Amino acid sequence: MGTLNLPRKVSVLGSTGSIGVSTLDLFEQAGLELDVVGLTAGRNVARLAEQALRWRPQVAVIEDESLLPELRERLKGTGIRTAAGAQAVSDVAAADAQWVMSAIVGFAGLAPTLAAARSGAIVALANKESLVCAGPSLLRTARRAGGMVIPVDSEHSAIFQVLDPKAADQVSRLILTSSGGPFRDATRAQMAAATREQALAHPNFSMGAKISIDSATMMNKGLEVIEAAYLFAMPPERIEVLVHPQQIIHSLVEYADGSTLAQLGPPDMRPPIACAFAWPDRLPWPAPKLDLVTAGPLTFQHPDPAKFPALTIAKQALAAGGRAPAAMNAANERAVAAFLDRRIGFLDIPAVVAETLERMDRTADRTSPDDDAVESARHTDAEARRVADDIVSGLCAA
Ligand code: NAD
Ligand code: MG
């Protein structure tokens, strides 16, 4: 095990979030000696400073510029550089780390993730929204720069581990598993009345607020279907979703010959992070191991499309292609924010997304095919946000 070829220079984008904290915890538990190039956060300046004192990055970046004086104060005399703003986050992503964890939430993660890909680093991708909004371009950028995108999302990590790229055309189905979220066994009427607290209470994981709500609507699985289609170059009709409440089997690959390969593990994000860190090696660390005797029985069911319309919406957006996935993502971010602000009801979330896509379908796409992918995704994102906000305002007035 002394000959592992592990990255040494690393950056963690979104270090203060659920995935960022799990990443640094994994480093700690594995006893890794790392040169941390950069740590970045959105607003959590206290946690960022605490992490910087422990990991001694070259630079600590806070996206919210109003918090820079506080960050400076907290890191005074340490020799750690500080910076603020979205451009500074992308600059850290572009710096010379060999491995970059992309764990910012939402569309805000796209520019930094692309910057990391352009630098030729290995990009450990948790920020699924960037793939949904500009997947083909992101993957092409990484390939051209001599780098690689390795998925951290547990389902995609599972498929990445069991899908033999040489046999990709002999795959008959990818099966993504889902916990079913907090409303797996709820009625539609209960979902219509669901509170913020009920929707945030994920059965197996403690995650950021946005992905928790996405799990409750199953838009998370919708985003993941699109993510899988891009990552594994798989047509939409060969990607299926199954509800698997125990979250032990993280996903499966079914081959044409009738053999199905699955990847298993306890519901914990550190193993997929470890996989993305050490690939193609395996990182030794005191990992919680799966006990099959106490884990079972493992159960599976089809998701109910009437309760989880977001799944159908996402599949349609993927099939429509063009700007539809980015528009869907933006509308979902706004609808989730409005629900978290208690401005709209839980079932309004997929309704706002569907209505946004319908309205945008009726307006011309003003981006030209020559626009660079980020520019056109940014354009679509801004327009979809306006449309979704307008629909939300209408719902609030009603
Ligand atoms: P989180 O909300 O806990 O953390 C998000 C991080 O991004 C924080 O560090 C925050 O400070 C930072 N951030 C927020 N807005 C920002 C902005 N505008 N600019 C720069 N930084 C900003 O979210 P999370 O649960 O850690 O999820 C992060 C990403 O990983 C999401 O895309 C999510 O879908 C994906 N993911 C999460 C999990 C999980 O278990 N939490 C699993 C799979 C995938
Ligand atoms: Mg996932």
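Structure data summary
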{"quantity": "For residue 124, residues with placed amide H under 5 Å, excluding near neighbours", "calculated": "100, 101, 102, 150"}
{"quantity": "Cα point-scatterer Debye curve for segment 226-313, base-10 log of I(q)/I(0) at q = 0.12, 0.13, 0.22, 0.26 Å⁻¹", "calculated": "-0.51, -0.60, -1.33, -1.36"}
{"quantity": "Rg over Rh [alpha-carbon atoms, Kirkwood Rh] for the chain", "calculated": "0.95"}
{"quantity": "For segment 264-296 versus segment 113-138, the gap between their alpha-carbon centres in whole angstrom", "calculated": "23"}
{"quantity": "Estimated vicinal HN-Hα couplings, Hz - segment 59-69 in sequence order (Karplus 6.51, -1.76, 1.60; Gly, Pro = x)", "calculated": "9, 10, 10, 10, 5, 6, 5, 5, 9, 4, x"}
{"quantity": "Highest to lowest packing among 326-333, 264-271, 131-138, scored as the average C-beta count within 10 Å", "calculated": "326-333, 131-138, 264-271"}
{"quantity": "Phi-based couplings in Hz for segment 82-99 (Karplus 6.51, -1.76, 1.60; Gly and Pro marked x)", "calculated": "10, 7, 8, x, 4, 5, 5, 5, 5, 5, 5, 4, 7, 5, 8, 6, 7, 9"}
{"quantity": "Average Cα contact separation per residue, the chain, under 8 Å, 6 or more apart, as relative contact order %", "calculated": "15"}
{"quantity": "Charged-residue dipole, Cβ positions (Lys, Arg, Asp, Glu), segment 9-151 about Cα centre, Debye nearest 20", "calculated": "320"}
{"quantity": "Whole-Å distance, taken between Cα centres, linking segment 48-76 and segment 174-214", "calculated": "33"}
{"quantity": "Pairs of lysines in the chain (C-alpha under 14 Å apart; 8 or more residues apart or interchain)", "calculated": "5"}
{"quantity": "Helical mean residue ellipticity (222 nm; -39500 (n - 2.57) per DSSP H run of 4+; nearest 500) of the chain", "calculated": "-14000 deg cm²/dmol"}
{"quantity": "Cα-Cα separations in segment 195-262 greater than 17 Å, expressed as whole percent", "calculated": "53"}
{"quantity": "From phi via Karplus (6.51, -1.76, 1.60), per-residue ³J(HN,Hα) for segment 101-111 in Hz, x at Gly/Pro", "calculated": "7, 9, 10, 6, 9, x, 4, 4, x, 5, 4"}
{"quantity": "Only Lys, Arg (+1) and Asp, Glu (-1) charged, at Cβ; the chain dipole about Cα centre in debye", "calculated": "460"}
{"quantity": "Assigned charges on the beta-carbon of Lys, Arg, Asp, Glu; segment 321-398 dipole about Cα centre (debye)", "calculated": "300"}
{"quantity": "Percent of alpha-carbon pairs separated by more than 15 Å within segment 321-398", "calculated": "50"}
{"quantity": "Pairwise Cα inverse-distance average, inverted: Kirkwood Rh of segment 9-151 (Å)", "calculated": "14.7"}
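Read-outs throughout are calculated quantities, based only on the coordinates presented, and are distinct from any laboratory measurement. In this text, all values refer to a predicted model and were calculated from it rather than measured experimentally. Note: ideal-geometry Cβ built from the backbone for every residue, glycine included; neighbour counts use all protein chains shown.
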